[in-house]
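Before any comments, here is the structure.
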Amino acid sequence: MSEASNPTKYIFVTGGVVSSLGKGIAAASLGRLLKERGYRVTLQKFDPYINVDPGTMSPFQHGEVFVTDDGAETDLDLGHYERFIDESLSQANNITTGRIYSDVIAKERRGDYLGSTVQVIPHITDEIKSRIHRLSDDNDFVITEIGGTVGDIESLPFLEAIRQFRQEIGRENAIFMHLTLIPYIAAAGELKTKPTQHSVRELMQIGIQPHILVCRTEHPLDDEIRHKIALFTNVPLDGVVEARDVETIYQVPIELKRQRLDDTVLRMLGMEAPEPDLGPWRQMVNTIKTPGGGEVKIAVVGKYTELVDSYKSVQEALLHGGIANDVKVEIDWLSSEQFDETNVDKLEKYHGLLVPGGFGARGIEGMLTAIRWARENELPYLGICLGLQCAVIEFARNIVGLTDSDSYEFQENAENAVICLMDSQMQVTNKGGTMRLGAYPARLLDGSLAARIYGATEISERHRHRFEVNNEFRPSLEEHGLVISGTSPDGQLVEMVEIPDHPFFVAGQFHPELKSRPMRPAPLFAGFVEAAVERARSSNPSQVEPIAAGD
């Protein structure tokens, strides 16, 4: 919708009081509303930690690493952004303090600053502002989320940069949206606005006056509280927006639309657009809340299940698979360290097993035990990255007869290493950004289950791994019945495997969950949930009602 007379508009999203209030979901939801009104929208995340990217951070501390098509290892909020606005993002959409300082220091070493003393202001803040400008040309709106909370020392350069940015581009072209907490004090029986007042005051002390407050609360904000918040924070009344918990995050755009947040944003930025058509989105949300086809239970057996955010995209992709099949997907997150031959039959109560990605030897034997049970008992199985490698190791041990089969990742001296390092990884010692990262093409075997699921024989999926199936063992694996149903275009790298005489036993070396969207589910997840539905019907017909053809 851009015209020469309508420059790019910018929305900066900050947070106060406590972290994890949902800035990413709020930003993504606003992005969805603006996109539904016909605008070109992108979202960006500034993270204040000194890591160059999240690639070397523990999943227990940071959650999953979301990988973009161009191979950037990013914050998990970029997954929310992609799923809400249905656009593929890039390395330009997630910037850390470490990346900013690294690039500024590199410029200083090259002599780019012509002998100047390099300082936070202007050099660091100028670098931050340049990263915002990079997204401007192709978008009507750039929504930038600042990680952390107001008051964090790490966030100060970013806050100063966005303060300067609005001054430089014209105040009519940018607004600030602040996410804050309105706690309910049970002893007093009332909501308290003082934390929000203090948070806004701290922002104002560094020169930022928020235009919109998104207030996280457990209870409705009545008119009296809204007026109080507006009065003490200098925010217009229609800029005080209530944000309560909802059944699904995909309901948030609907709730924000109910309060006309998008109208307020457009008014503040002097823009007009047709009302959004949220009909398909509402229908999708209704399917999540009241599915017509019953429920299936999926066991996710992984290494980081104590923190579900470690598998955030897997969780969302399973939900999307449920939408495609009009069923509720109930997920149990099971630590692979719990599994051995004495208790693996606990999988009997599930309708599908998923083994996700991960690194290191911990918990691998439990994964192998679970996979063997699924293979022998015809439980639908989906393996992702490490889940493919473990499926190959289990098959080699128990079907091919190579009982000492392993991966070089888990056993450096393994004689029958059916999983090995790529040649290009042999001499790599750095950990950050050195894996096979991003989107790569694959060719699927014509007539395979994989090809039927995708409805194509050429696909592209995102990767994040170092190890591959060892080509020396491919003939013996195939001879014993393992079908290599997907390879790299040159045939040298195994991308997918399956077992044809099993109801659903499919694994991919890539991460299909990263491209799954609520209204365009990843084909592998939709197919996996469909197989789980069939398992549920056959084991307990009353649990899952038949789904009408074409639904």
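The values are calculated or read from the model by the stated rules, or taken from the named source; none is laboratory data. These figures come from a predicted structure and were not determined experimentally. Cβ sites come from the backbone with ideal geometry, for glycine too, and all protein chains shown count toward neighbours. Accessible surface is based on the protein model in full, side chains and every heavy atom, while ligands, DNA and RNA are left aside. Shrake-Rupley method; radii C 1.70, N 1.55, O 1.52, S 1.80 Å.
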**Study point:** Residue among Lys228, Lys192, Lys257 that alone is of a type in the set (Lys, Arg) and at pLDDT below 95
**Key:** Lys192
Study note, to complete from the structure: Of the residues in region 3-57, those that are crowded, with 23+ Cβ neighbours inside 10 Å and hydroxyl-bearing (Ser, Thr, Tyr) come to Tyr10, Thr14, Ser29, Thr42
Point to revise | Within region 289-301, tally of residues that are surrounded by fewer than 16 Cβ atoms within 10 Å (Cβ to Cβ) and not in a helix (DSSP H, G or I) | key: 2
Study note, to complete from the structure: When restricted to Arg452, Arg462, Arg443, the only residue of a type outside the set (Gly, Ala, Ser), farther than 17 Å from Ala391 by Cβ and open to solvent by less than 10 Å² (accessible area, probe 1.4 Å) is Arg462
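With the requirement that a residue be of a type in the set (A, V, I, L, M, F, W, C), under 23 Å from Gly321 (Cβ atoms) and without any contact (Cβ under 8 Å) to a residue 60 or more places away in the chain, what does region 451-488 give you?
Step one: of region 451-488, the residues of a type in the set (A, V, I, L, M, F, W, C) are 451, 453, 456, 459, 467, 469, 473, 477, 482-484.
Still in the list and also under 23 Å from Gly321 (Cβ atoms): 451, 453, 456, 459, 483.
Ala451, Ala456, Ile459, Val483, listed by residue number.
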Practice item. Kindly check whether there is at least one residue in region 146-168 that is assigned to a strand (DSSP E or B) and either open to solvent by less than 70 Å² (accessible area, probe 1.4 Å) or not aromatic (Phe, Trp, Tyr) (or both). Key: yes
Check your understanding: If you go through region 183-201 one residue at a time, how many are among the hydrophobic types (A, V, I, L, M, F, W, C) and open to solvent by less than 10 Å² (accessible area, probe 1.4 Å)?
Key -> 1
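Scan the helices (runs of 4 or more DSSP H) fully inside region 192-272 and keep the ones with 3 or more residues being of a type outside the set (Val, Ile, Thr) and closer than 30 Å to Gln315 by Cβ.
Details: elements: 194-205, 223-233, 252-258, 261-268.
In region 192-272, the matching helices (runs of 4 or more DSSP H) lie at 252-258.
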Exercise for review: State yes or no: is Arg166 farther than 20 Å from Cys215 by Cα and without any contact (Cβ under 8 Å) to a residue 12 or more places away in the chain?
Suggested key: no
Point to revise | Given (1) modelled with pLDDT of 95 or more; (2) open to solvent by 10 Å² or more (accessible area, probe 1.4 Å); (3) of a type in the set (Ser, Thr, Tyr), index of the condition Tyr81 fails | key: (2)
Exercise for review: Could you run through region 60-78 and say how many residues are open to solvent by 30 Å² or more (accessible area, probe 1.4 Å) and touching a helix residue (DSSP H, G or I) at 6+ places or on another chain (Cβ under 6 Å)?
Suggested key: 2
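Is it fair to say Thr180 is closer than 27 Å to Asp238 by Cβ and surrounded by 21 or more Cβ atoms within 10 Å (Cβ to Cβ)?
So Thr180 fits the description; yes.
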Review point. In region 462-512, which residues are out of contact with any Asp or Glu (no Cβ under 8 Å at 6 or more places or on another chain), under 19 Å from Ala451 (Cβ atoms) and among the polar types (S, T, N, Q)?
Key: none
Exercise for review: Tell me which residues, restricted to region 277-288, are exposed (fewer than 13 other Cβ atoms within 10 Å of the Cβ), part of a helix (DSSP H, G or I) and touching a residue at least 24 places away in the same chain (Cβ under 8 Å).
Suggested key: Pro280
